[in-house]
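The values are calculated or read from the model by the stated rules, or taken from the named source; none is laboratory data. Note that the coordinates shown come from a computational prediction; the quantities given were computed from them, not determined experimentally. Positions of Cβ are backbone-derived with ideal geometry, glycine not excepted, and every protein chain shown enters the neighbour counts. These accessible areas exclude ligands, DNA and RNA; they are computed on the full protein's heavy atoms, side chains included. Shrake-Rupley method; radii C 1.70, N 1.55, O 1.52, S 1.80 Å.
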Amino acid sequence: MRNALVIKKKIKNFDKRISVDGDKSLSIRWVLFSSLSDGISIGKNLLLSEDVMAAIKAVKKLGIKVILKKNVCKVYGKGINGFKYKKKLKINAQNSGTLGRLILGLLINSPYTIKIIGDKSLSKRDFKRIADPLRKFGAKIKLNKNKNLPLFITGSKNLRPCIYTENKGSAQCKSAVIFAGMRTDGTTIIKAKKSRNHTELLSQFLKLPITVKENKNYDLIKVNKVKKIKKLNYLIPADISSSAFFIILTVLNKNSKLVIKNVNINQSRIGIITILRKMGVNIKFLNQSIYKGEKKADIEVKSPKELKAIKCPSKLNSGAIDEFLVIFLAAAKAKGISSFKNLSELNQKESPRLNWGEIILNKMGVKTIKTKNSLKIYGKPNLEINKKIVIKNYLKDHRVFMTSVIAALSFGGEWKIYDKDSINTSFPSFLKIIKNLSK
């Protein structure tokens with residue numbers, strides 16, 4: 001019970017301005033890029049989560065000095081070839097798929113075998129999808145049960161460029177191959193389905209020999225060997241994925257308004273905004289600007305009088321892949337039947353999230369029809385919950401926990417949600433911000 005959260009009351013309407021934690025994807029990428037740079041890089045508003053701390057510990061194990069005070073971090077880069085590879089080195093990616101996959105691209109030329117491990121959840125996720133392209137460079141990779149962690153990688157002194165087609169929309173796999181290409185003579189060519197492009201934008205800001213040609217359904221990326229990376233001082237903007245929970249909380253509560261300050265609104269990340277606008281939600285971007293290649297803005301959202309059901313276009317999936325659990329809550333209150341398809345990738349996350357989306361909605365009394373990769377949600381605009389609901393055994397997936405909290409505060413009932421410490425992996429201040437909105 002000590003690690004369970006009990007919620008018995010709905011939240012009252014609110015009109016607030018808030019700040020959320022720094023973007024996790026950018027925080028981890030900043031740590032990795034800075035570890036390869038020449039000189040001292042300073043990062044501010046770094047997300048102080050377990051995933052980001054795992055990235056810091058990883059580069060420290062590779063011989064990089066890091067000093068962290070509050071949310072200001074200094075990384076003492078030693079150059080593109082500055083890592084110290086040691087025998088019998090073990091790196092723990094904990095719960096972070098981003099770190100677990102991206103770090104492999106940095107280890108592609110290690111002369112020694114390095115072991116990558118993770119927590120129970122990460123150890124169930126598919127690493128064959130990144131092992132296969134990295135083997136094309138010449139690395140030797142051994143997986144547990146053919147696709148899972150623990151993983152053993154041995155680099156090569158004679159790396160060769162590869163041609164790689166990424167067709168799942170995985171920014172993690174794409175980014176790992178980009179990092180590997182940075183260490184390889186010749187031109188690595190990547191044909192990638194649209195997905196998050198933080199790695200490409202940072203590379204272009206740093207003026208690295210990486211080009212991106214955008215096509216309608218995919219990007220063509222060419223990567224050449226990098227000789228030098230300049231230091232990267234960075235003020236991390238707020239995380240759109242973390243902001244999503246408060247956006248939906250506002251949407252589901254009548255007469256509410258919220259402004260979230262200084263949020264990263266990268267075009268590859270704002271699928272939730274497009275989806276909610278199609279459902280009739282008034283969302284505005286205020287004070288827009290470009291910061292080191294990334295778009296940012298204040299996000300203003302107002303609760304609508306009515307939510308419309310949506311037949312969600314699959315082209316929006318990659319831009320909302322981490323937000324679908326909480327988007328499903330909006331569909332639960334919409335008028336009509338909402339449908340979401342081609343979402344098998346959701347079950348490749350920290351937990352089988354498509355399955356958990358249905359579990360949560362069914363516990364709430366919402367009818368659903370699920371297939372292996374799709375979900376239909378029969379909306380109930382006047383949904384009020386008057387029963388006890390228990391959420392547990394979800395592999396400590398932080399998004400399952402936070403989605404359940406938003407559901408409890410929005411629809412009522414008495415909820416007992418276990419493993420509240422799961423938020424430490426990505427959003428430690430989540431409950432503190434909830435408390436502020438409840439005042």
Options 316, 336, 303, ranked by Cα towards positive dipole end of region 295-338, top entry (Cβ charges): 336
At a 1.4 Å probe, what is the % contribution of carbon and sulfur to the accessible area of the chain? 48
Taking loop as defined by DSSP and a crowding limit of 15 other beta carbons within 10 Å, which trypsin sites (Lys or Arg not before Pro) in region 253-286 fit? 254
The simple spin-label model distance between residue 90 and residue 57, using points 7 Å out along Cα→Cβ, in nm, is 1.1
Average silhouette area of region 182-298, convex hull of alpha-carbon atoms, in square nanometres: 8.6
Stretch residue 372-residue 128 to full length: gain in nm at 0.36 nm per residue minus the Cα-Cα span? 85.8 nm
Over all alpha-carbon pairs of the chain, lay out the pair-distance distribution in 20 Å bins, whole %, shortest bin first. 26, 57, 16, 0
What number, rounded to the nearest 500 deg cm²/dmol, is the helix-based mean residue ellipticity at 222 nm of the chain, given -39500 (n - 2.57) per DSSP H run of at least four residues and division by all its residues? -8500 deg cm²/dmol
Residue 147 to residue 135: extension gain in nm, 0.36 nm per residue of separation minus the Cα-Cα distance? 3.0 nm
Run the quick spin-label model on residue 65 and residue 12: label points 7 Å from Cα toward the beta carbon, then report their separation in nm to one decimal. 5.3
Just to be sure I understand: with springs between alpha-carbon atoms less than 10 Å apart, which residue in 314, 121, 27 has the highest mean-square fluctuation in the Gaussian network model of the chain? 314
Just flag the chymotrypsin sites (Phe, Trp or Tyr not before Pro) in region 303-376 sitting in loop per DSSP whose Cβ has no more than 10 other Cβ atoms within 10 Å. none
For region 112-215, give me the percentage of DSSP beta bridges that are antiparallel, rounded to the nearest 5 percent. 70
Give me the accessible area per residue for region 139-220, probe 1.4 Å, as a whole number in Å². 48
Given the C-alpha centroids of region 140-209 and region 369-429, what is the distance between them in whole angstrom? 34
Among all stretches of the chain without exposed GluC sites (Glu not before Pro) (DSSP loop, at most 12 other Cβ atoms within 10 Å), which one is longest? 1-305
Mind checking region 70-151 for trypsin sites (Lys or Arg not before Pro) that DSSP puts in a loop (not H, G, I, E or B) and that have at most 11 other Cβ atoms within 10 Å? 70, 84, 87, 88, 120, 145
Per 0.36 nm of contour for each residue apart, how much would the distance between residue 154 and residue 211 grow if the chain were fully extended, relative to their Cα-Cα spacing? 17.7 nm
